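Report on the structure given below.
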Amino acid sequence: MDIERFKRMPDGEKAALLIGKGTLAGRRLEEGKLVNLYALEAFYAEIWFNPENVQIERIRLVEDQATIDLYLDEILNKRK
């Protein structure tokens, strides 16, 4: 799966792919949303989940180090 193909996919397919084939790399709480970081082959993406209405609100391709850094402590602790 390359990044450009992933970008063109509908959100439902993105979510199914990330959850089914990706590796959960980290979790965080942001703006009242549960945000899961998934690694899929050569890239990372986040799924933003709203626990109030039990729906995925957005799926975001992570292309910046600052976002990865939000998960860094959890990722490093998993390696221990």
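The values are calculated or read from the model by the stated rules, or taken from the named source; none is laboratory data. Values in this document were obtained by computation on a predicted structure and should not be read as measured data. With ideal geometry, Cβ positions are generated from the backbone for all residues, glycine too; neighbour counts draw on all protein chains shown.
The selection criterion, being modelled with pLDDT of 95 or more, over 18 Å from Ile3 (Cβ atoms) and either out of contact with any helix residue (DSSP H, G or I) (no Cβ under 6 Å at 6 or more places or on another chain) or surrounded by 11 or more Cβ atoms within 10 Å (Cβ to Cβ) (or both), holds for Ile56. Among residues of the range 13-36 that are closer than 12 Å to Ile47 by Cβ and assigned to a loop (DSSP other than H, G, I, E, B), those with a beta-carbon under 8 Å from a residue that is among the hydroxyl-bearing types (Ser, Thr, Tyr) and modelled with pLDDT of 95 or more at least six positions away or on a different chain give the pairs Gly22/Tyr38.
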